[in-house]
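Below is one structure, written out as structure tokens; the observations come after it.
Readers should treat all values here as calculations from the given coordinates under stated rules, not as data from a laboratory. Given the structure is predicted, the values throughout are model-derived calculations rather than measurements.
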Amino acid sequence: MKPREILEKKDIDLYGRWYVSQAPTKKAIYPYLDKDCIVAYRDSFFGFVFVIKSSKSFFAFAGMIGDMYFGGMEYVFRRIKLKQALRLLEDERFKEENKKVVLDEDLYDKIRNKIILEALD
């Protein structure tokens, strides 16, 4: 799955309309928009979170409703730490239809193990 597919499902215009983002976040996501690099994601009414695999590492991004109006919703889109992303992905308070979707189990386990090892240091 591509990051562009999740963003377009939320009606987010990638050229600045309907979402607010910092410049480093935009710079980090643009090279991966059209690559099949999503390892896991969760999509709900209030936002989304996904983890992508780059050539060297993993990145996590989250989008949350920042403003609601009659024309739609505006999202705040940010790059977040992997630890925060895993916490959001594995939160059990979400309903059944908003469960996490893991597209690559091996890479997801690798991310979890990396977080555990970093916590031990």
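Beyond 24 Å between alpha-carbons counts as too far, so tell me which of Lys26/Lys53; Lys26/Lys110; Lys9/Lys53; Lys9/Lys56; Lys27/Lys99; Lys10/Lys99 fall in that bin. From the list (Lys26/Lys53; Lys26/Lys110; Lys9/Lys53; Lys9/Lys56; Lys27/Lys99; Lys10/Lys99), the Cα-Cα distance tops 24 Å for Lys26/Lys110; Lys9/Lys56; Lys27/Lys99.
The H on the amide N of Gly66, modeled in the peptide plane, is under 5 Å from the matching H of Glu74, Tyr75, Val76, each at least 5 residues off or on a different chain.
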